[in-house]
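The structure appears below as structure tokens.
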Amino acid sequence: MNGARWLAQALVAEGVDTLFGYPGGTIMPFYDALHGTPALKHVLVRHEQGAAFAANGYARASGRVGVCVATSGPGASNLVTGIADAMLDSVPMVVITGQVPTTLMGTDAFQELDVFAMTLPMVKHSFIARRVEDLPMMVAEAFRLARSGRPGPVLIDLPKDVQMAAAAHLPAHAPLPVDAAAAPKDASLHEALALISQAQRPVLYGGGGIALGDAVQDFRTFVDATQIPTVLTLKGLGALPTRHPLNLGMLGMHGSRAANLAVQESDLLVVVGARFDDRATGKLAEFAPHARVVHMDLEACEIGKLRCADAGVRGDIRTTLARLTLPCAAHLHGRNGQARKAWRAQCRQRAQQHAARYDAPGDSVFAPALLKRLSELAPDAVVACDVGQHQMWVAQHWRLDHPRKHLTSGALGAMGFGLPAAIGAQLQDPAARVVCVSGDGSIQMNIQELATLRRYQLPVKIVLLDNQALGMVRQWQELFFEKRYSEVDLSDNPDFVALARAFGIQALHLDRADGMDAALQALLAAEGPALLHVAIDTAANVWPLVPPNRSNSEMLEDAATEAAPAIRASNPLPESTSVQEA
């Protein structure tokens, strides 16, 4: 029993069943220990960034702690982007890195890198084990911190000699309990109730904290009871099903017109687990200018950080919503009831009027229509996105019914996230249907993970939208840099179908709208991993778009769409079925 073997057994005791990594010199004792620990499934990725993103996707989809492993030096530094993504999106991860022996630390030894200092700004905590006796405290604290409060990544840096040190005298690992979330104070709940009961044009603004707080059902109950029109952030999507009659869609830079206008005209924002991110608010000084704010969040530092809260409710989101649901419903359906009913009707009318269109002319594939159709054919799918135009099209057009089924790099916006995150999501539930939506730019960031798909025969289905450009950058250069296109041309892309097949992955090609359904059904029916390469128009843009440093009411639309007849989506929004309005 040495330190490495003790650590492997401790991971099992913490409930870890899968970890993602890549071996190297200073982490070899741990890999030797894995050889004798069948309860741990190690997934060999082809780049350490893939390990961090796979652990990230595993954690996002499951709500459990994701674990990744790398050696010292370049192995550790290759994890950094995935660690930063986990920190900014509040994803629970434990990161284990090898380190040179303690006797060589500080000597610029081969593959020595101060990963402790390098990661300090992007972790909840970092540990360096100096003695094997440090391991019990460090491992228990790492998992407790990763899970507690606002989740996030924790680093354990393991010198090679600590891994090899005798550890028979160490006690069996005992996990620490997760810190209980603080309950909201009665006074703050009364302040929130008073503001909500007075509002005539309230809007619910839901974010990623709803899923992190395991409060999805409580949030839906609150929406149904209060009948408040609702908007969601990128990470909040799915907290209310896309087709719910009170869901106005995503707000912000690429949000729906109905959502953005409702926020701008509201007299009260009830903010649940969101942080007023700049992509959601646009020009902050002009965001919801007439609205007072009720801000519910577990983190005290978020309340009032960017927008002053008239009522700040700090505490567990589930408890907060549960305690406010019945009192708010009673007040809202009394005083100002007619005004709020007219407000709901106005919001619904706008949602109908500005619903997305899928009747694009021509024979080429229209990406929004393809993604909407795919989500209808695979309604139970977990979708993992890369970053760019396709990410926004998924957010706008995929029919989502739970936020843990939408894996996306939100705050960091890291290209290369999608494929390894999909791998992690598949491994956390082998029975799940997992779809990766990527772009021709993003997929080449971590395309080597096709080898991981093939090795483990993971049935991930990849939709690769290929516009032969860095689409989002190209769109901004078109709109805001006078069409001075600089380094966005990807017309020399490889043959992605041939490339996928070279990795042993089934691959199909689609370039005509009339073949869309057949191609999607063939993709979903394929045994094992498969890729659908979809050629789309290089000039296709994401609409609507709020220009930088502008109010969310100043949305740009596609000129052709604005001039065309108002032919809207074939499935109109359902009528409300609330008891109060029946």
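The values are calculated or read from the model by the stated rules, or taken from the named source; none is laboratory data. Not measured: the values here are computed from a predicted model. Note that we place each Cβ from the backbone using ideal geometry, even for glycine, and neighbour counts take in every protein chain shown.
Some observations on this one:
- Enumeration of residues in the range 270-287 that are surrounded by 20 or more Cβ atoms within 10 Å (Cβ to Cβ) and aliphatic (A, V, I, L, M): 270, 271, 272, 274, 280
- Count of the range 392-409 residues, restricted to those that are part of a loop (DSSP other than H, G, I, E, B) and within 15 Å of residue 59 (Cβ to Cβ), is 2.
- Pairs, first within 14 Å of residue 89 (Cα to Cα) and basic (Lys, Arg) in the range 59-75, second modelled with pLDDT of 95 or more and surrounded by fewer than 24 Cβ atoms within 10 Å (Cβ to Cβ), C-beta under 7 Å, six or more apart: 60/404
- Those residues of the range 128-144 which are within 14 Å of residue 94 (Cβ to Cβ) and either of a type in the set (D, E, K, R) or in contact with a Lys or Arg (Cβ under 7 Å, 6 or more places away or on another chain) (or both), in sequence order: 141, 144
- Of the residues making up the range 422-450, just one is charged (D, E, K, R) and within 23 Å of residue 536 (Cα to Cα), namely 440.
- The residue that is farthest from the chain's Cα centre (by Cα), among those in the range 418-473 that are under 18 Å from residue 69 (Cα atoms) and β-branched (Val, Ile, Thr), is 452.
- For the criterion of being closer than 21 Å to residue 469 by Cα and either in contact (Cβ under 8 Å) with a residue 60 or more places away in the chain or not acidic (Asp, Glu) (or both), residue 410 fails.
- Looking across the range 434-443, just one residue is under 20 Å from residue 469 (Cβ atoms) and in contact (Cβ under 8 Å) with a residue 60 or more places away in the chain, and that is 437.
- Residue count for the range 210-257 satisfying the condition of being in contact with a helix residue (DSSP H, G or I) (Cβ under 7 Å, 6 or more places away or on another chain), farther than 19 Å from residue 315 by Cβ and either of a type in the set (A, V, I, L, M, F, W, C) or in the same structural domain as residue 407 (by TED's automatic domain parsing) (or both): 10.
Per-residue answers, yes or no, for (1) outside any helix (DSSP H, G or I); (2) closer than 30 Å to residue 545 by Cβ; (3) assigned by TED's automatic domain parsing to the domain that holds residue 198; (4) over 27 Å from the mean Cα position of the chain (by Cα):
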residue	(1), (2), (3), (4)
290	yes, yes, yes, yes
323	no, no, yes, yes
330	no, no, yes, yes
338	no, no, yes, yes
361	yes, yes, no, yes
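- Residue-level analysis places residue 126 outside the set of residues that are in a loop (DSSP other than H, G, I, E, B) and at pLDDT 95 or above.
- All positions within the range 108-118 that are over 23 Å from residue 149 (Cβ atoms) and part of a helix (DSSP H, G or I): 115, 117, 118
- Among the residues making up the range 46-79, those that are farther than 29 Å from residue 214 by Cβ and of a type outside the set (S, T, N, Q) are 46, 47, 48, 70, 73, 74, 75, 76.
- When residues in the range 410-441 are screened for being part of a loop (DSSP other than H, G, I, E, B) and closer than 23 Å to residue 236 by Cα, 11 of them pass.
- Evaluation of residue 391 against the conditions (1) in contact with a helix residue (DSSP H, G or I) (Cβ under 8 Å, 6 or more places away or on another chain); (2) outside the structural domain of residue 255 (by TED's automatic domain parsing) shows that the sole unmet condition is (1).
- Just one of (1) out of contact with any helix residue (DSSP H, G or I) (no Cβ under 7 Å at 6 or more places or on another chain); (2) touching a residue at least 12 places away in the same chain (Cβ under 8 Å); (3) not acidic (Asp, Glu) fails for residue 431. It is (2).
- Residue list for the range 19-41, restricted to those being buried (at least 19 other Cβ atoms within 10 Å of the Cβ) and not in a loop (DSSP other than H, G, I, E, B): 19, 20, 21, 26, 27, 29, 30, 31, 33, 34
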